[in-house]
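Comments concern the structure below.
The values are calculated or read from the model by the stated rules, or taken from the named source; none is laboratory data. Please read all numbers here as calculations on a predicted model, not as lab measurements. We place every Cβ from the backbone using ideal geometry, glycine too, and count neighbours over all the protein chains shown. To get the accessible areas, we keep the full protein, side chains included, count just its heavy atoms, and leave off ligands, DNA and RNA. Shrake-Rupley method; radii C 1.70, N 1.55, O 1.52, S 1.80 Å.
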Amino acid sequence: MTDRRMTDGLLSLIAELESDRSLLLQDRVRRRIEALDRLDAYLLIDELPAPGPRSNDGAVYQRARALCAKLEAANGELYQAIRDQIQRGDGHDLLLKAIDQAGPDGAAVSCVEGDSYDYLDELISGVLHVEKPAAEVGQLDSEMVFYQPTPARHIFDLIRQVALTEKDVLVDLGSGLGHVPILAGICSNAHCIGVELEAAYVHCARQCAQALNLSNVTFVQQDARTANLSAGTVFHLYTPFTGSILRSVLDSLRKQAAHREIWICTFGPCSATVAREPWLKSASTPGADRITVFSSCSWGQRTR
Ligand SMILES: C[S@@+](CC[C@H](N)C(=O)[O-])C[C@H]1O[C@@H](n2cnc3c(N)ncnc32)[C@H](O)[C@@H]1O
């Protein structure tokens, strides 16, 4: 795109956004996030057009930055209000309301698929303030999968599907920075545990849970193969490992299921492996691009 076409495109986008008065209403967070993405497409270009023959180019970019600051401030206010309420112990309703309202017509519908991230991840990042480790993390063995968070819309799908109660203990095996136990802990009275091998991730996840006053969320620094699984009722696996490690953890889970009913939620390629376990049944067709919930007893007998 030429400099001139870029400036004209940005100008018409600014005009469109500035004329939309509803954009600053508290619940229009999704629209603001999308507007910020559209503005960023112009502002993040490495070489901004120098204020050349058209002397107002610089002013257009300034106006765009001022608009971004306004939209970010509106989002920041909403994120802080949700965060304050979580810290006071009842963030559940406000968080779910923000998520539901974030959809185009009140329904939280995403335009992206599979493991892509969307506006909900931006919203959750603004609320949770999960820090990344300051230093590089250690190398993983070949069958261990590097850190990547479950997209937030899938975490909320998991929370809705399993309907956690105070009797549940959710265990995220390979919990990374802790989004799954933290969000499940905010949205339910269940005890939520993250088991993660990388100490730096565990440290960051603990700090986040502590800053949010989440007494029902804990993190254990351990290899999932040696973790004590006896308290868990619901387990989450976002393909944290493959091959013999996955085999060993599935064998441990099957031993737990010999005494009681457990649920296993999967996301990503491990869903296909878990679906081949004869002792597990899923209510829906397993797929790598969505949460699949498996039960250790037949769905006819299920208690959830
Ligand atoms: C794909 S990420 C999933 C992160 C998190 N469960 C989520 O859904 O947001 C996989 C995580 O598993 C961890 N991991 C890999 N092998 C592990 C093992 N044997 N025991 C515990 N954690 C492991 C990795 O360090 C990484 O953080």
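The peptide list 132-141, 216-225, put in order of mean Cβ contacts within 10 Å with the highest first, becomes 216-225, 132-141.
Here the 3J(HN,Hα) profile of the stretch 241-252, calculated from phi with Karplus coefficients 6.51, -1.76 and 1.60 at θ = phi - 60°, is 7, 10, x, 5, 6, 4, 4, 5, 5, 5, 5, 5 Hz, Gly and Pro shown as x.
Our summary of shape: the Cα atoms of the stretch 152-295 have principal axis extents of 41, 30, 29 Å, ordered from largest down, in whole angstrom.
Based on alpha carbons, the Rg and Dmax found for the chain are 22.1, 77 Å. Compactness ratio for the stretch 3-101: Cα radius of gyration over 2.2 N^0.38 Å (N = residue count) comes to 1.31. In terms of its alpha-carbon gyration tensor, the stretch 234-275 comes out oblate; a/c meets the 1.5 threshold, while b/c is at least as large as a/b.
Per residue, the solvent-accessible area of the chain (1.4 Å probe, heavy atoms of protein chains only, all protein chains present) comes to 50 Å².
Where does the chain land at 222 nm, in deg cm²/dmol rounded to the nearest 500, when only DSSP H runs of n ≥ 4 count, each adding -39500 (n - 2.57), divided by all residues?
Helices in the chain give a 222 nm mean residue ellipticity of -14500 deg cm²/dmol.
In the chain, Cα pairs under 8 Å separated by at least six residues give a relative contact order of 13 percent.
Skipping prolines and chain starts, which residues have an amide H placed within reach, meaning under 5 Å, of the one on CYS265, given they are 5 or more residues away or on another chain? Sorted by chain and number, the residues that satisfy this are PHE235, HIS236, LEU237, PHE294.
The angle between the Cα long axis of helix 92-101 and the main principal axis of the chain comes to about 50°, on a 0 to 90 degree scale.
Note on LYS132: lysines with a C-alpha under 28 Å away, same-chain residues under 8 apart excluded, are LYS70, LYS97.
Over the stretch 152-295, Cα pairs under 8 Å with separation of 6+ residues give a relative contact order of 21 percent.
How much of the DSSP bridge set in the stretch 152-295 is antiparallel, in percent, rounded to the nearest 5?
Approximately 25 percent, going by the DSSP bridge assignments.
Based on C-alpha pairs under 8 angstrom that are at least 6 apart in sequence, the stretch 3-101 has a relative contact order of 32 percent. Extension gain, VAL220 to LEU140: 0.36 nm times the residue separation minus the Cα-Cα distance gives 27.0 nm.
Share of carbon and sulfur in the accessible area of the chain stands at 50%, probe radius 1.4 Å.
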